[in-house]
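Only the coordinates and a few stated rules stand behind these numbers; no lab work does. This one's a predicted model, so the numbers in the text were calculated from it and none came from an experiment. Heads up, the Cβs are rebuilt from the backbone with ideal geometry, glycines too, and the neighbour counts pull from every protein chain shown.
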Amino acid sequence: MKNKIVVVRDWKLSYWSLLSDSMYIFTKKRDSKTFDEIWLAEHYPVFTIGKSGNKNDIFHKSSIPIMYSNRGGKVTYHGPGQLLVYFLFNLKRLNISIKQLVYLIELSIIKTLDYFNIKSKIKNNHPGVFINEYKICFLGLRIIQGCSLHGISLNINMDLKPFSYIIPCGNQNIRVTQMTNFISPINNLLIKKILLCKICKLFSFNEIIFSSPNLY
């Protein structure tokens, strides 16, 4: 069986703008032989506004920076204790559509949460993953020349208060939650390991190359 390789880089706590710029350059420079990559990170506090977002959805003044993103979606918040997973995939080589990509990403989160006995679901017309009516995972992607960038944010053990400063995803009815509300203690390394296993299985990667972060 031919190896399907994915490179995994863990950026740990880093600035959102640094990774956003770097993944865009990586995607523009990649060719048909470039390995797919998964980037893991946490970010210093930041509000990001997607392509369909509106700055008016941030209604509370604070010291948290506001950044504009080329991802899909509207307004969200990133901060320490939230796991970011960026999917830098060649969709043509994987032979999947954008719709399939979104479904498999959401399914990887559902299966990861299920491992920790947290029951979650997908809601029609609402990208991301929910526990009952509370959103625990946000999703925003961009496709350039058949390759994906950006990805998901999974709330694990963070300060949720900044979400009250915004209208998450432009929807006033969305409330947020995180894994620490359902399990204790939190083991971040185990969560990353399980999530990577679920992603690799769903996308049929059979070889992982762990590599250091690399600015582009």
Taking Cα atoms only, helix 98-115 is inclined relative to the longest principal axis of the chain by an angle, in degrees rounded to 10, of 70 degrees
For K33, counting only lysines whose alpha-carbon sits under 26 Å away and dropping same-chain residues fewer than eight positions off, the answer is K2, K4, K92, K99, K198, K201
Cα-based Debye curve of the stretch 5-211 sampled at q = 0.07, 0.08, 0.09, 0.10 Å⁻¹ gives log₁₀ I(q)/I(0) of -0.19, -0.24, -0.31, -0.39
Treating only Lys and Arg (+1) and Asp and Glu (-1) as charged, each at its beta carbon, one finds that the chain has a dipole about its Cα centre, in Debye to the nearest 20, of 460 debye
As straight-line cross-link partners of K12, the qualifying aspartates and glutamates (C-alpha separation under 15 Å, not fewer than 8 residues apart within one chain) are E42
Those chymotrypsin sites (Phe, Trp or Tyr not before Pro) from the stretch 39-70 that are DSSP loop and have at most 15 other Cβ neighbours within 10 Å turn out to be F59
Rh_Kirkwood(the stretch 19-64) over Cα pairs, Å, one decimal, evaluates to 13.7 Å
Residue separation between N173 and K28 times 0.36 nm, minus their alpha-carbon distance, gives in nm 48.5 nm
All alpha-carbon distances of the stretch 79-169, grouped into 10 Å bins from 0, give the whole-percent distribution 15, 46, 31, 7, 0
From DSSP H assignment alone, runs of 4+ in the chain each adding -39500 (n - 2.57), the sum over residues rounded to the nearest 500 puts [θ] at 222 nm at -7500 deg cm²/dmol
Taking Cα atoms only, helix 188-202 is inclined relative to the longest principal axis of the chain by an angle, in degrees rounded to 10, of 50 degrees
Between the alpha carbon centres of the stretch 114-189 and the stretch 49-84 the gap in Å comes to 14 Å
